[in-house]
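Let me begin by presenting the structure, written as structure tokens, before commenting on it.
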Amino acid sequence: MKRIFLTLILTNILFCGWLIAQPTTGELEQINRDRISMNSNGMLVLGSWAVSNIVIGGIGMTQSSGNTKYFHQMNAAWNSVNLAIAGFGYYGLRSQSAQLGLSETITEFQNFENILLFNAGLDIGYMALGAWLWERGLRKENTRLKGYGQSIILQGGFLFAFDTVLFFMSRSESSKLIDALSHVQFTGTSLAVSIPF
């Protein structure tokens, strides 16, 4: 009788600890709403950058010459793609549900953060390509290469800053979820819950 009683008490403690460690449905939904809002704001920032570069680039390339003309031309062209990415990203986030399960939420955070890290690597490549074009333009006295190179360095630098800031913001949000689960350990054959006092 004592063993059964002791087993029931330990089982109760274990599952109470598991329930304490898991975020509630309301908390999980709020985490997802915050994630969607943060990502939507990121797409608005990218879209605003793109629109301003398209407008300024369109005006600038008609009222300038030499490498400045090509600088503005590349800014406008480059940001046509950024505007499309921001538009599709924003539209996709607007239709995304905040009612995701725990594993789906973790997967969403991980996928987004992996994309941002990959993009940050591409951004460094863009800046290197821009530097190469600029240097080649200087060597060959080619105003188009100089202007395109300067533009690609600027655009790569902005995107690197954008992706890096958004990554750390996302990591900050996802760490709240990870902290809630830090007291639960599953080894595949056993489940352990530590309850802080």
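Out of curiosity, is Gly47 assigned to a helix (DSSP H, G or I) and in contact with a Lys or Arg (Cβ under 8 Å, 6 or more places away or on another chain)?
The answer is no for Gly47.
Cβ contacts < 7 Å: first residue in contact (Cβ under 8 Å) with a residue 40 or more places away in the chain, restricted to segment 101-117; second residue assigned to a helix (DSSP H, G or I) and among the acidic types (Asp, Glu), any location; separation 6+ or different chain. Result?
Taking only residues 6 or more apart or on different chains, the pairs are Leu116/Asp163.
When you scan segment 114-161, how many residues do you find that are in contact with a Lys or Arg (Cβ under 9 Å, 6 or more places away or on another chain) and not in a helix (DSSP H, G or I)?
1
Is it true that Ser172 is of a type in the set (Gly, Ala, Ser) and either crowded, with 19+ Cβ neighbours inside 10 Å or at pLDDT 90 or above (or both)?
Against the criterion (of a type in the set (Gly, Ala, Ser) and either crowded, with 19+ Cβ neighbours inside 10 Å or at pLDDT 90 or above (or both)), Ser172 qualifies.
For Leu133, are the conditions met, namely being within 30 Å of Gly47 (Cβ to Cβ), touching a helix residue (DSSP H, G or I) at 6+ places or on another chain (Cβ under 8 Å), at pLDDT 90 or above and of a type outside the set (Ser, Thr, Tyr)?
Yes: the conditions hold for Leu133.
The values are calculated or read from the model by the stated rules, or taken from the named source; none is laboratory data. Remember, predicted model here, so these are calculated numbers, not experimental data. In this analysis, Cβ positions are derived from the backbone assuming ideal geometry, glycine residues included, and neighbour counts consider all displayed protein chains.
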